[in-house]
Structures are given as structure tokens and as C-alpha cells.
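Here is the structure we will look at.
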Amino acid sequence: MGRGTGTGTGREDGVGTTIDKAFEALYASDDGSLDTAASLLAADRGADAELARRGEEFVRTLWGRGWQPADLLRTARRDLAEEHVRLLAGLIRTETAGYGRLPHRWAAQVAELPEGPGRPADRFSYATAVLELYRLLVRLPRLDAVGPAPGEALPPPVAGEPRMLGRIRALLAKAEATGYPEEAEALTAKAQELMARHSLDEASLAAGAPSPEAPGALRIGVEPPYEQAKAILLDAVATANHCRAVWNEAHGFSTVVGFESDLDPVELLYTSLLVQGTAAMTRAEAEQRAGGRKRTKSFRQSFLLAYANRLGARLSATSRRVAAEAPTLLPALASREAAVTTRTDELFPETRTTRVRAAWDEAGWTHGATAADRATLHPERHRVEGGSRGPSDG
């Protein structure tokens with residue numbers, strides 16, 4: 001059962017006047033107003049409880065505007081300081097604790113909030129930090145909802161993690177941990193094959209007994225540095241697994257649209273491939289430095305772009321190979337992909353193609369493509385038609 005969202009406080013009029021006057025600074029364009037407001041709050045110790053309650057209300061309003069805990073945390077880390085992040089984490093914990101059950105994925109996001117004190121020592125610094133945080137919160141735009149907000153009707157809870165997802169998670173964890181490239185190749189290959197077969201199984205079930213399930217969505221952080229290459233990698237993983245990814249550069253995330261059974265595996269595989277690709281890039285840079293050649297940002301950008309480009313082709317090849325084993329299910333798969341496309345167009349009626357913005361480094365591209373080749377995604381190597389090309393100039 002959800003918590004109430006009323007705004008009654010029972011506060012004393014003096015406290016309310018202090019808060020209301022101070023909050024005028026949230027909408028002002030100058031920092032001088034913020035300093036004056038912070039002085040007002042610092043001088044009124046009785047305003048602390050109401051100040052915190054207003055913060056929880058701001059957060060609750062953002063849930064209804066499409067934001068989730070991870071989105072808020074990502075934005076605060078990008079635009080503010082660590083003290084603001086910890087203040088926000090405290091608000092989110094307090095606000096979400098009042099619900100009987102949180103939407104799917106929210107519990108994990110809340111569990112990952114940073115721990116530790118978030119309040120500066122002196123009252124003026126504390127009031128300033130709170131107002132800076134609240135100023136950010138009240139200016140955030142509405143986002144397209146990717147699931148119910150706390151307090152709304154939720155689907156029945158699912159006990160435990162699906163066995164398939166647990167197997168994929170275990171395989172990818174081993175691939176990230178091993179120091180042997182060949183072992184990582186085999187483990188990652190098996191994970192992608194499991195994902196492809198699972199999608200096939202879901203299509204088979206849908207073909208035999210159509211269900212009212214519609215495509216859903218989740219957001220995955222895509223943050224600097226090299227966020228464009230990361231967004232391309234996520235798009236490749238999503239596309240190969242019957243999903244669509246739409247990058248929101250301004251807010252540092254991509255929205256992945258797909259059937260629920262595909263969404264979590266896509267996030268797992270993307271995260272693992274990013275870890276593996278970053279490790280391979282670090283090794284390649286070390287080799288370059290050992291040879292007396294200094295590598296720069298252009299090397300890393302080109303490396304990750306090549307890595308994403310080549311992996312996209314290999315992921316898709318694996319999915320096609322598995323799907324070809326059950327040709328009678330191809331119409332069901334096509335139907336599900338059409339439903340995903342329709343849902344994506346509903347969520348994002350206006351999208352645009354972004355041109356790759358990266359300095360070209362041939363060595364970086366070559367090393368990135370080689371790293372992707374080493375992350376072969378099925379036990380038997382297959383020739384990828386067409387090869388890969390570097391990013392266009394300009």
C-alpha cells in the first residue's frame with residue numbers, strides 16, 4: 001500500500017514563512033539570493049524538520065514525473081558535489097521507506113545509494129547545500145515513464161531471480177574475473193547464446209499461447225568519458241537481443257525498450273562487455289607506452305568505437321545463428337520485434353541520429369577491433385560479413 005501524498009504539515013506559521021521565503025531563491029538566477037536564503041534557514045533551527053519534509057515532497061513529485069532513484073543520483077553526481085549526493089540519498093531512503101512495496105528494480109537502486117554522513121558541520125553550509133540540491137530537483141524536466149511509480153498499482157511480485165538470469169550473471173562474473181582471454185571468450189560466448197535461446201523460448205511461448213504482455217523499458221546509465229562509444233555498445237547489445245536503445249545524452253542514460261525477459265539480460269551483458277572492453281583498452285595502452293608511443297583520448301575513443309562496432313556484428317551473428325535453428329519461430333520473433341519498435345515510437349516519437357564525434361586514431365581502432373574479436377560470443381568462430389569501418393571524418 002502506498003504512502004499518502006498530502007501536503008498538510010501542522011507546522012507553525014513562522015517556520016512556514018521562513019521556508020517559503022527561503023524557497024523563493026530556488027527559482028532565482030543569482031547565487032546571492034541563495035546565500036540570503038541559507039542565512040534565513042540557518043538562523044531558524046525550528047525549520048529543519050519542515051526543510052527535510054519539503055525535500056521528500058520534491059523527490060515524491062519527481063517519481064510521478066518519470067524519474068527513478070538511479071536517475072536522480074546520476075544527475076546529482078554530474079551537476080553537484082558529493083555532499084549533495086549524500087543529502088539526496090538520505091531523502092530517497094526516507095521517502096521510499098514509506099511504501100509497502102517498491103516497483104521492480106527500485107529496491108536494487110535504493111540499496112546502491114551511498115552510505116555515510118551527508119550533512120555539513122555548520123548550519124549555514126548545510127542550508128546552502130540543501131538549497132543547491134533542491135534548486136536542481138525543482139528544475140528537472142519530466143521524463144517518459146519506464147514503469148510504475150511508488151504508490152501506483154504494481155504487478156504481482158516475482159520470488160527470486162529467474163534461473164536463466166542467474167546463470168548469465170554467473171558466467172559474466174567469471175568472464176570479468178579470469179585472467180585468461182580464452183576462458184573469458186568461452187564464458188561470454190555462452191552467456192550470449194543463453195540469452196538468444198531464452199528469447200527464442202519466450203517467442204515460442206508467445207506463439208503457442210499469446211499473452212497480454214507488452215514491451216517494457218529500463219534506463220541504463222551511459223556516462224562520461226567516451227559516452228558516445230558506450231551508447232553505441234549498448235545499442236548493439238540491445239539490437240542483437242530484440243530490444244531498442246534510445247540515448248539521452250543530456251541526462252546521461254539510454255532507455256532500453258523490450259520485453260521484460262530480455263531487459264535484465266541486456267543490462268547484464270552490456271555492463272560486462274564494458275568492463276571487459278575497458279580492461280582490454282588499459283592493456284592495449286600499456287603495450288603502446290611500453291613501445292614508446294604515447295596514446296591520448298583519441299586512442300581510447302577509437303578503441304571503444306571499434307570495440308562496439310565489431311561486437312555488434314558478432315552479437316547479431318550469434319542471435320541469427322540460434323534463431324535459424326528454429327525457423328518456424330521466426331514469425332513470432334518478428335512480431336515481438338515489431339511490438340518493441342511500436343512501443344519505442346510511442347515513448348520517443350521524435351528521435352534523431354547522432355553523428356559520431358571522435359578523433360580518429362588508427363591504432364586505437366585496430367586494438368579495439370582485436371579486443372572485440374577476442375570477446376567472441378559463441379564457442380565456434382564465424383566469419384562476419386562486411387567487416388568493420390572506422391568512424392567518418394568530421
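Can you name the residue in segment 264-298 that is hydroxyl-bearing (S, T, Y) and at pLDDT below 90 and is also nearest to A196 (Cα to Cα) among such residues?
Keep residues of segment 264-298 that are hydroxyl-bearing (S, T, Y), which gives 270-272, 278, 282, 296, 298.
Cutting the leftovers down to at pLDDT below 90 gives us 278, 282, 296, 298.
On the way: T278: 25, T282: 30, T296: 37, S298: 34 Å.
Selected residue: T278.
Could you count how many residues in segment 55-82 are buried (at least 20 other Cβ atoms within 10 Å of the Cβ) and within 18 Å of S125 (Cα to Cα)?
2
Could you grab me the full set of residues in segment 251-261 that are within 16 Å of L347 (Cβ to Cβ) and modelled with pLDDT under 95?
As a first pass, look at segment 251-261 and keep what is within 16 Å of L347 (Cβ to Cβ): 251, 253-260.
Scanning segment 251-261 gives H251, F259, E260.
Please find, among A127, A97, A149, the residue that is surrounded by fewer than 18 Cβ atoms within 10 Å (Cβ to Cβ) and either at positive phi or not hydroxyl-bearing (S, T, Y) (or both). Step through it out loud before you land on a result.
Numbers: A127 fails: surrounded by fewer than 18 Cβ atoms within 10 Å (Cβ to Cβ); A149 fails: surrounded by fewer than 18 Cβ atoms within 10 Å (Cβ to Cβ).
The conditions single out A97.
Could you tell me which residue of segment 196-228 is least open to solvent (accessible area, probe 1.4 Å), considering only residues that are modelled with pLDDT of 90 or more and assigned to a helix (DSSP H, G or I)?
Q228
Being under 22 Å from the mean Cα position of the chain (by Cα) and either of a type in the set (G, A, S) or within 22 Å of R169 (Cβ to Cβ) (or both): is that true of V266 here? Quick ask: steps written out before the conclusion?
Numbers: under 22 Å from the mean Cα position of the chain (by Cα): yes; either of a type in the set (G, A, S) or within 22 Å of R169 (Cβ to Cβ) (or both): yes.
Answer is yes for this residue.
So is T344 under 21 Å from K230 (Cα atoms), modelled with pLDDT of 85 or more and among the β-branched types (V, I, T) or not? Explain how you work it out, then say what you get.
On the way: under 21 Å from K230 (Cα atoms): yes; modelled with pLDDT of 85 or more: yes; among the β-branched types (V, I, T): yes.
In short, yes.
Quick one: which helices (runs of 4 or more DSSP H) lie wholly within segment 58-115 and hold at least 1 residues that are basic (K, R) and either at pLDDT 95 or above or farther than 16 Å from L133 by Cβ (or both)?
It comes to 69-79, 82-96.
Any residue in segment 30-54 that's touching a residue at least 24 places away in the same chain (Cβ under 8 Å) and over 19 Å from V138 (Cβ atoms): show its pairings with residues that are open to solvent by less than 40 Å² (accessible area, probe 1.4 Å) and among the β-branched types (V, I, T) at Cβ separation under 8 Å, as long as the two are six or more apart or on different chains.
So the pair list comes out as D44/V15; D44/T18; G46/V15.
Need pairs with beta-carbon distance below 8 Å; first residue more than 23 Å from T188 (Cβ to Cβ) and free of Cβ contacts under 8 Å to residues at least 24 places away in the same chain and within segment 319-330, second in a helix (DSSP H, G or I) and hydrophobic (A, V, I, L, M, F, W, C); sequence gap 6+ or separate chains.
These pairs meet every condition: L330/A323.
Might you let me know whether segment 353-373 holds any residue that is part of a helix (DSSP H, G or I), out of contact with any helix residue (DSSP H, G or I) (no Cβ under 9 Å at 6 or more places or on another chain) and modelled with pLDDT of 65 or more? Spell out the reasoning first.
Here is the first cut: in segment 353-373, the residues part of a helix (DSSP H, G or I) are 362-373.
Narrowing further to those that are out of contact with any helix residue (DSSP H, G or I) (no Cβ under 9 Å at 6 or more places or on another chain): none.
Within segment 353-373, not a single residue is part of a helix (DSSP H, G or I), out of contact with any helix residue (DSSP H, G or I) (no Cβ under 9 Å at 6 or more places or on another chain) and modelled with pLDDT of 65 or more.
Residue by residue through segment 213-245, note down the ones that are closer than 19 Å to A313 by Cα and of a type in the set (V, I, T). So that I can check it myself, show each step before the final result.
Initial filter on segment 213-245 (closer than 19 Å to A313 by Cα): 228-245.
Residues satisfying the conditions are I232, V237, T239.
Output the number of residues of segment 251-298 satisfying the condition of being touching a strand residue (DSSP E or B) at 6+ places or on another chain (Cβ under 9 Å), part of a helix (DSSP H, G or I) and either acidic (D, E) or open to solvent by less than 20 Å² (accessible area, probe 1.4 Å) (or both).
7
If I filter segment 121-132 for residues that are part of a loop (DSSP other than H, G, I, E, B) and at pLDDT below 95, do I get at least one hit? Walk me through it before giving the result.
Let us first name the residues in segment 121-132 that are part of a loop (DSSP other than H, G, I, E, B), namely 121-122.
Checking the rest, the ones that are also at pLDDT below 95 come to 121-122.
The answer is yes, given that some residue of segment 121-132 is part of a loop (DSSP other than H, G, I, E, B) and at pLDDT below 95.
The values are calculated or read from the model by the stated rules, or taken from the named source; none is laboratory data. Bear in mind the structure is a predicted one, so any value in this text is a computation, not a measurement. All Cβ positions, glycine included, derive from the backbone under ideal geometry; neighbour counts span all protein chains shown. SASA here: full protein model, heavy atoms, side chains in, ligands and nucleic acids out. Shrake-Rupley method; radii C 1.70, N 1.55, O 1.52, S 1.80 Å.
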